[in-house]
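Q: Have a look at the structure that comes next, please.
The values are calculated or read from the model by the stated rules, or taken from the named source; none is laboratory data. Every value quoted in this text rests on a predicted model; they were computed, and no experiment measured them. Here the Cβ positions follow ideal geometry from the backbone for every residue, glycine too, while neighbour counts run over all protein chains shown.
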Amino acid sequence: MVAPRILVVDDDAKVLSLMRRGLAFAGYTVDLAPDGEQALGMARAHLPDLVVLDVMLPGIDGLEVCRRLRAGEPNLPVLMLTAKDRVPDRVAGLDAGADDYLVKPFAFDELLARIRALLRRARPAEAESLSFADLRLDLLTREVHRGERPIDLTTKEFDLLEYFLRHPRQVLSRDQIFDGVWGSDFLGGSNVIDVHVMRLRDKLQAAGEPRLIQSVRGIGYSLREDA
């Protein structure tokens, strides 16, 4: 399954470094922003599945960032962090739109538990399978079929196909695919996406079926049927 994307917003470089390592180790794709302005821009460019947001930020503070995020994406889970543990401070964060509130310093295991809980609430009825045209991917058994033909995929090919199936008919840039499937910490070569797409296409079209993953010149790829 494609890893959930978490945007961490904090002006403390040490906190960002800790969060990046810890969340990536836990299996999440992690984006980092040191201030509210960058956080809003990053959320617009790549909508995260959850935001971990510090209250005290330079420029636009965390409460205002939360309000703006909530105005554009009312269902986006927001976990707010703060060094202030007074009841009025927690109330202010929740009133700004935060779903949960965690006081610094905190145990990282508790942070992970709260993230898991928020993601479960945000996806209460996630489908067990994804499909497009005659292509079907089972998320539980990790089986893939084109019509009645089973297709054997590697782990990364499966993740790549899942990403396409979650974004049907969208034009996806190589950067979007790279971040969504490999994550920002991957150090492979720049042609890794093209190689994997080529191999995935070969398997999806092995019995002469029409191409479903289309190249978009100068941008990337799109899962769609031929016009």
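Q: On the basis of being part of a loop (DSSP other than H, G, I, E, B), surrounded by fewer than 14 Cβ atoms within 10 Å (Cβ to Cβ) and not assigned by TED's automatic domain parsing to the domain that holds Lys203, does Pro105 make the cut?
A: yes
Q: Would you check if Ala33 is at pLDDT 95 or above, under 21 Å from Arg114 (Cα atoms) and either outside the structural domain of Gly183 (by TED's automatic domain parsing) or in contact with a Gly (Cβ under 7 Å, 6 or more places away or on another chain) (or both)?
A: Criteria met by Ala33.
Q: While we're on this one: Going by the structure shown, is Arg67 within 18 Å of the chain's Cα centre (by Cα), charged (D, E, K, R) and more than 30 Å from Leu130 (Cα to Cα)?
A: So Arg67 does not fit the description; no.
Q: Here is a follow-up. Taking segment 66-102 as the region of interest, how many residues are of a type in the set (Lys, Arg), in a helix (DSSP H, G or I) and more than 18 Å from Leu7 (Cα to Cα)?
A: 1
Q: Criterion first (surrounded by fewer than 17 Cβ atoms within 10 Å (Cβ to Cβ), of a type outside the set (A, V, I, L, M, F, W, C) and part of a loop (DSSP other than H, G, I, E, B)) does Arg169 satisfy it?
A: Judged against the criteria, Arg169 is a match.
Q: Hey, among the residues in segment 210-227 that are of a type in the set (D, E, K, R) and over 19 Å from Glu162 (Cβ atoms), which one's nearest to the chain's Cα centre (by Cα)?
A: Arg217
Q: Another question, if that's okay. Are any residues in segment 172-192 touching a helix residue (DSSP H, G or I) at 6+ places or on another chain (Cβ under 9 Å), at pLDDT 85 or above and outside any helix (DSSP H, G or I), and if so, which ones?
A: The one that is touching a helix residue (DSSP H, G or I) at 6+ places or on another chain (Cβ under 9 Å), at pLDDT 85 or above and outside any helix (DSSP H, G or I): Leu172.
Q: To continue, here is another question. Within segment 78-116, which residues are without any contact (Cβ under 8 Å) to a residue 12 or more places away in the chain and small (Gly, Ala, Ser)?
A: Listed by number, the residues that qualify are Ala107, Ala113.
Q: Then there is this: Tell me which residues, restricted to segment 64-111, are aromatic (Phe, Trp, Tyr), at pLDDT below 90 and farther than 18 Å from Gly36 by Cα.
A: Result: Phe106, single match.
Q: Continuing with the same structure: Here are Leu63, Leu79, Leu47: which of them is under 19 Å from Asp31 (Cβ atoms), in the same structural domain as Leu32 (by TED's automatic domain parsing) and crowded, with 19+ Cβ neighbours inside 10 Å?
A: Leu79
Q: Among the residues of segment 139-162, how many are exposed (fewer than 15 other Cβ atoms within 10 Å of the Cβ) and in contact with a His (Cβ under 7 Å, 6 or more places away or on another chain)?
A: The total comes to 1.
Q: Could you look through segment 128-142, keep only residues that are in a strand (DSSP E or B) and charged (D, E, K, R), and pick out the one that is nearest to Gly208 (Cα to Cα)?
A: Looking at the filtered set, the residue picked out is Arg136.
Q: Inspect segment 114-127 for any residue being surrounded by 14 or more Cβ atoms within 10 Å (Cβ to Cβ), in a loop (DSSP other than H, G, I, E, B) and not β-branched (Val, Ile, Thr) and give the result as yes or no.
A: Within segment 114-127, not a single residue is surrounded by 14 or more Cβ atoms within 10 Å (Cβ to Cβ), in a loop (DSSP other than H, G, I, E, B) and not β-branched (Val, Ile, Thr).
Q: Continuing with this model, one more query. Quick check on Asp226: is it part of a helix (DSSP H, G or I) and either more than 25 Å from Leu7 (Cβ to Cβ) or in the same structural domain as Leu47 (by TED's automatic domain parsing) (or both)?
A: no
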